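S.K.: To start, I am sharing the structure in question, which I have written as structure tokens.
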DNA sequence: CCTACCGATCGGTAGG
DNA sequence: CCTACCGATCGGTAGG
């Protein structure tokens, strides 16, 4: 009896590797550890993936593909304006928070192999980011979005902020006397993003 | 003749280690590499620091001490309000941008050893962060700062954002058709921070 | 600050 | 999917 659900061996290896690489880093994880977590011998793992580096690449493209698959659903939420913004942001956070090590692995790879990650982002995410950017420019023309927003920098900022709050939140969580929970941290991020994007308007519909 | 300026050997080891740990990570760097960069033999390095882990600890406390030393100067900039905000932010960015690998090392350690980093932050930075938080609350009472700001979460957000833009900016830099430079990214961060903190006011002094 | 040496672990291969 | 084996490198010690 194995240590996790049966499934395909390749899939179980990928899951274990994703978890361990996220927790300890690629250099901090031996393929021996991954094999043990799956319940197989090391040469068997190498037989399936060829090399440790190839395993890393397959883990990463799998993760980016999931992301790419979820993004359209997230962006299709509703029409426009502040409420849509909130729902889009919260769906995006939910995606990362559901499996927190995803954000961790992304952050690690951005540090270790920035060029490779840039290429992966360009392939998997660029169209969607560009779509958001175009919407912001539309909003600026139509007058309900601040004109001083730098759309490219704004979108990149939100992505950085979301990834790092979830990936590195543990390190800053209890620094303060009244430490903000991840919940508070994320809802402040939503507030911050809205305040910086939309023009002030009266609280309720009247006027 | 060594590979870098003479100085104390210990100091040269610390500098090389800081640079290499930041670039390749702690697990991705051998003490052999550090020794070679300094121009000494590995056992000599071990003689000076006892162990690789002790070297890491001394690199990190050194870095946090520098940070702690600079922060009061940064915060003493001017009195209050949006202009002070801008100058404080820009001084903080300048500190990291001057030696970009500092932010990288901080980000790596937040991922690898969150508990240890939390303790270091608490010791070296907590008083200053708390000071900023108290100022935000003052501003809220006095009415020139938004009441919906969550001061703790806001401050933590800015720290996360600054560290990750500088540390991981390379990975997101050229994703878009019109990639924002680090400059644009940082000035958007200043704009975002101000828009989310202060109430809207007329552009020029007249009313 | 060095040379010489240590056991342990690394990723990967041979061969079945 | 396994056992048996490989050379290379790891952090650290002995002893001077």
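The values are calculated or read from the model by the stated rules, or taken from the named source; none is laboratory data. All values derive from a computational prediction rather than experimental measurement. Methodologically, a virtual Cβ is constructed for each residue, glycine included, from the backbone with ideal geometry; neighbour enumeration extends over all protein chains shown.
S.K.: Considering only residues that are part of a helix (DSSP H, G or I), within 13 Å of another protein chain (Cβ to nearest Cβ) and buried (at least 18 other Cβ atoms within 10 Å of the Cβ), look in region B:16-27 and name the one that is farthest from DNA strand D (Cβ to nearest atom).
M.R.: We begin by selecting, within region B:16-27, every residue part of a helix (DSSP H, G or I); these are B:16-24.
From what is left, the residues that are within 13 Å of another protein chain (Cβ to nearest Cβ) are B:20-24.
Imposing the further condition that a residue be buried (at least 18 other Cβ atoms within 10 Å of the Cβ) reduces the set to B:20-22.
Details: B:20: 11, B:21: 11, B:22: 16 Å.
Across region B:16-27, the extreme among qualifying residues is B:22.
S.K.: Residue check, residue B:122 against (1) in contact with a helix residue (DSSP H, G or I) (Cβ under 9 Å, 6 or more places away or on another chain); (2) modelled with pLDDT under 95; (3) within 13 Å of chain A (Cβ to nearest Cβ), all met but one. Which one?
M.R.: With (1) in contact with a helix residue (DSSP H, G or I) (Cβ under 9 Å, 6 or more places away or on another chain); (2) modelled with pLDDT under 95; (3) within 13 Å of chain A (Cβ to nearest Cβ) applied to residue B:122, the lone miss is (1).
S.K.: Within region A:28-39, take every residue that is in contact (Cβ under 8 Å) with a residue 12 or more places away in the chain and not in a helix (DSSP H, G or I) and give me the one that is nearest to residue B:112 (Cα to Cα).
M.R.: Among those residues, the one meeting the criterion is A:29.
S.K.: Next question, about the same structure. Look through A:141, A:184, A:177 and report the one residue that is surrounded by fewer than 19 Cβ atoms within 10 Å (Cβ to Cβ) and over 22 Å from residue B:125 (Cβ atoms). Quick ask: steps written out before the conclusion?
M.R.: Working: A:184 fails: over 22 Å from residue B:125 (Cβ atoms); A:177 fails: over 22 Å from residue B:125 (Cβ atoms).
The conditions single out A:141.
S.K.: Quick check on my filter: what residues within region A:28-49 are buried (at least 21 other Cβ atoms within 10 Å of the Cβ) and either within 28 Å of residue B:53 (Cα to Cα) or more than 16 Å from DNA strand D (Cβ to nearest atom) (or both)?
M.R.: A:29, A:34, listed by residue number.
S.K.: Can you find even one residue in region A:137-147 that is touching a helix residue (DSSP H, G or I) at 6+ places or on another chain (Cβ under 7 Å), more than 7 Å from chain B (Cβ to nearest Cβ), under 29 Å from residue A:56 (Cβ atoms) and in a helix (DSSP H, G or I)?
M.R.: Among the residues of region A:137-147, not one is touching a helix residue (DSSP H, G or I) at 6+ places or on another chain (Cβ under 7 Å), more than 7 Å from chain B (Cβ to nearest Cβ), under 29 Å from residue A:56 (Cβ atoms) and in a helix (DSSP H, G or I), which makes the answer no.
S.K.: Let me ask another. I'd like the full set of residues that are within 16 Å of DNA strand D (Cβ to nearest atom) and under 21 Å from residue A:123 (Cβ atoms), limited to region A:50-77. Full working, then the answer.
M.R.: So the first thing to find is which residues in region A:50-77 are within 16 Å of DNA strand D (Cβ to nearest atom), and the list is A:50-55, A:58.
The answer is A:53, A:54, A:55, A:58.
S.K.: From the set of residues in region B:148-169 that are more than 7 Å from every other protein chain (Cβ to nearest Cβ) and over 16 Å from the mean Cα position of the chain (by Cα), which is surrounded by the most Cβ atoms within 10 Å (Cβ to Cβ)?
M.R.: Result: B:151.
S.K.: Report whether or not residue B:109 is farther than 23 Å from residue B:22 by Cβ and within 10 Å of another protein chain (Cβ to nearest Cβ).
M.R.: Values: farther than 23 Å from residue B:22 by Cβ: no; within 10 Å of another protein chain (Cβ to nearest Cβ): yes.
Criteria not met by residue B:109.
S.K.: Evaluate the following for residue A:70: is it within 11 Å of DNA strand C (Cβ to nearest atom) and within 23 Å of the chain's Cα centre (by Cα)? Explain how you work it out, then say what you get.
M.R.: On the way: within 11 Å of DNA strand C (Cβ to nearest atom): no; within 23 Å of the chain's Cα centre (by Cα): yes.
No.
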